Amino acid sequence: MEGKLLVSCQAPDEDPFAQPESLARFARTAEMGGAAGIRANGMADVRAIRDVVKLPLIAIDKQVWSDGRILITGSLERARELLRTTGAEMIAVDVTARGQRFGALDRVRALKQDGAIVLADIARVEEAVAAVEAGADAVLSTMHGYTDETAHTTGFDPGLIAVLRQAVPVPVIAEGRIHRPEQAAAAMQAGAWAVIVGTAITRPEVITRGFVEAVERAGRGSAGDVLGIDMGGTNTKYGVVTADGALRGQGFVPTPGGGGAALLAHLKKVALELTAQARGDGFRPATLGVATAGWVDPHTGRVAYATENLPGWTGTRIAEELQGATGLPVYVENDANALAAAESRFGAARDVRDFVCITLGTGVGGGCYTNGRLNHGAHFFANALGHIPIVMDGLPCTCGLRGCLEVYANASALVRYAGDGFGDAEQVIAAARGGDAKAREAVLTLARYLAFGTASIVQLLDPELLVLAGGVVQENELLLEALRAELRARLTVPEQRALRVETSGLGYYAGVYGAAAVALERG
Ligand SMILES: [Zn+2]
């Protein structure tokens, strides 16, 4: 099977093809088409397929498990029976974090002791490492995007294949959300040992729907769709935002290290691929919006200044370069400003003319709208909310100054307030939700500092709404409540202001919405 395509022949219960004879026919056509192996589910299907094809078979056993969700090969007895009675050469087991909670590693060890070839379906690198330590013969990216921990991802990510390839010494098989031959090729180029495709080959209903959407989209002749790219320090996210505000074709790729030239080449590549993919799917890209770290001249789309985190980025003429590459009008904005634009057009601040968006994560940033317009300042350096001084000669900040709001309200501040025993902000927030006294006190301390810094912003701008975004506010209702109370105590005429404090609802692709919002605003 090395270097080959395998086909997954499965259908959900309600699919007219969901019967062993139909799936065996799919397997037969896959064999005729040159596939080198078949993946199939359950005793009846695997047996029917064994009867008509000579290819190696990967068997799985999907069952509704005790938490009410499907688990792949959750029972050792059924796995053994499947191998014994169907003639399948291999068995795949869900070894995700959830699978492991239901004993997956023990199942892998036991099946290996039986002498079986065991494949591990995983979603994350650490799960692959654990599976291989337990004896798995290969890892499959099948579950990426389908577990709680990876649910925020969409689309196939060849970057995961490359990372898995580095992390484990066994074959890495790419599976999951591979819908086009180009994606299968990208998986091989990223180091996959083989590729498994299912839906795109064996689900005529889904294939039909893809054509239907492309035809109807192209036939509508809409005013035009907007492309958005959000280049962050870790990942570059992208997508198409349609005229009615829906996000389509979204995904992300890792942002490369290196200097400005490497970043620009990366951004051009993402822009070109996104444009081609959008056109191929029947969209009509009219403009491209880009969000990036650093201060940006919104009129020229040139980076006015970027810190040493992005060496050589200062002075890059992003709009000009991408316009030349894609042929589309390109609009560029600072990433925190773009988030405010996203809230203004698509989020909590629709129909609000005066609001401030504050992002609390590794850093603290923001964007301010006054009288319906994003404030840039005279040199495009406005909205550096994280560097508002709140403690005279306080703790040193990454910007070189001391006592900045960021040092007292970012993710590492929260961990610092919580003291020993907490690895990251997420853990502190979870513990606070669970009632842990130290963690709750840490959240309340951060709320006090945040209120202190935010009060000066509110006094200056008198906004109607504060929108909070970023990791520190995720599922952190305690912070929100405390901030509301602390702010009331620190503002003049709080009763007359009717100031609302809300969290962003735009999720993982907020920056893509933001980039698109910037393009819509200016285009
Ligand atoms: Zn600072």
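Evaluate the charge dipole of the chain about its Cα centre and quote only its size in Debye, nearest 20, assuming +1 on the Cβ of each Lys and Arg and -1 on the Cβ of each Asp and Glu.
520 debye
Would you please calculate the Kirkwood hydrodynamic radius of the chain over all C-alpha pairs and express it in Å, rounded to one decimal?
25.3 Å
Rounded to the nearest 5, what % of DSSP beta bridges with both residues in the chain are antiparallel?
So the antiparallel bridges amount to about 40 percent of the total.
Going by alpha carbons, how many degrees (0 to 90, nearest 10) lie between the helix axis of 510-522 and the longest principal axis of the chain?
The angle comes out at about 60 degrees.
List the residues, sorted by chain then number, that are 5 or more residues from Thr236 or on another chain and whose placed amide H is less than 5 Å from its amide H.
Val253, Thr255
If I take every Cα pair under 8 Å that is 6 or more residues apart in the chain, average their sequence separation and divide by the length, what percent do I get for the relative contact order?
10 percent
Per 10 Å bin, what is the whole-percent P(r) computed from every C-alpha pair distance within region 269-309?
Once binned at 10 Å, the Cα pair distances of region 269-309 give 24, 37, 29, 10, 0.
Would you order Thr242, Thr454, Thr236 from fewest to most other beta-carbon atoms within 10 Å of each residue's own beta-carbon?
Thr242, Thr236, Thr454
With 10 angstrom as the radius, rank Cys9, Cys357, Cys397 by how many other C-beta atoms surround their C-beta, starting from the fewest.
Sorted ascending by nearby Cβ count, the order is Cys397, Cys9, Cys357.
What's the Kirkwood radius of region 68-215 in Å, using all Cα pairs?
One decimal place: 15.9 Å for the Kirkwood radius.
How much space per residue, in cubic angstrom, does the convex hull of the C-alpha atoms of region 430-523 take up?
For region 430-523, the hull spanned by Cα atoms encloses 109 Å³ per residue.
Want the number for Lys269 to Asp424: 0.36 nm per residue separation, take away the alpha-carbon distance, what's left?
The Lys269-Asp424 span can extend by a further 52.4 nm.
Give the dimensionless ratio obtained when the Cα radius of gyration of region 351-505 is divided by 2.2 N^0.38 Å.
Relative to the 2.2 N^0.38 Å estimate, region 351-505 comes out at 1.01.
Here, each number is a calculation from the coordinates, and none is a lab measurement. Bear in mind that the values here come from a model prediction, so they are computed numbers and not experimental data. For neighbour counting, all protein chains shown are included, and Cβ atoms are generated from backbone atoms with ideal geometry for every residue, glycine included.
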